[in-house]
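K.L.:
Just passing along the structure, written as structure tokens.
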Amino acid sequence: MLDWSAYRTALGNTLRKVKDISPDILKANKLISEAATSQPPKLDAKTRELISLAVAVTTRCDGCIAFHAEAARKAGATKEEVVEALGVAIALNTGAALVYSARAFDAFEAP
């Protein structure tokens, strides 16, 4: 298992180096992130972070998991809420595998 706190710190340090070389990359990412939240927000911070954590799992992004797990905790998410959000991510991934299995089967049957 990762030391998530150390990983967040190391990743933050590396991203600061990227920002020093090309600040527009991180500026653009921040702009997109801010644009994703309505003004005023319709979802509370905890709900947004639980969604972000579930999406991080489905996209297999350790950095996203590290940052959004911490943010969900700070937003007041409980362990039970995190597990429910992760359950949704698991269900989505199994559904996606089922749909892509149909595609693979169609490909196999194609002449």
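K.L.:
Only residues that are open to solvent by 50 Å² or more (accessible area, probe 1.4 Å) and either outside any helix (DSSP H, G or I) or not aliphatic (A, V, I, L, M) (or both): list them for the range 51-63, please.
P.N.:
Across the range 51-63, the qualifying residues are Thr59, Arg60, Asp62.
K.L.:
Within the set of pairs 6 or more residues apart or between chains, which connect a residue that is open to solvent by 90 Å² or more (accessible area, probe 1.4 Å) inside the range 24-43 to a residue that is charged (D, E, K, R) and at pLDDT 95 or above with Cβ atoms less than 8 Å apart?
P.N.:
Ile25/Lys19
K.L.:
Can you pull out every residue in the range 1-23 that is surrounded by 13 or more Cβ atoms within 10 Å (Cβ to Cβ) and in contact (Cβ under 8 Å) with a residue 24 or more places away in the chain?
P.N.:
Once the filter is applied, which keeps residues that are surrounded by 13 or more Cβ atoms within 10 Å (Cβ to Cβ) and in contact (Cβ under 8 Å) with a residue 24 or more places away in the chain, the range 1-23 yields Trp4, Tyr7, Arg8, Leu11.
K.L.:
I'd like the full set of residues that are open to solvent by 100 Å² or more (accessible area, probe 1.4 Å) and not in a helix (DSSP H, G or I), limited to the range 91-111.
P.N.:
Passing the criteria: only Pro111.
K.L.:
I'd like the full set of residues that are more than 18 Å from the chain's Cα centre (by Cα), assigned to a helix (DSSP H, G or I) and closer than 21 Å to Val82 by Cβ, limited to the range 1-50.
P.N.:
Ala6
K.L.:
Counting just the residues of the range 66-90 that are under 15 Å from the mean Cα position of the chain (by Cα) and open to solvent by less than 40 Å² (accessible area, probe 1.4 Å), which one comes out farthest from Thr14 (Cα to Cα)?
P.N.:
Here the residue is Gly87.
The values are calculated or read from the model by the stated rules, or taken from the named source; none is laboratory data. A quick note: this is a predicted structure, and the numbers were derived from the prediction, not measured. Neighbour counts are summed over all protein chains in view; Cβ atoms, including those assigned to glycine, are modelled from backbone coordinates with ideal geometry. The accessibility values were calculated without ligands, DNA or RNA, using every heavy atom of the protein model including side chains. Shrake-Rupley method; radii C 1.70, N 1.55, O 1.52, S 1.80 Å.
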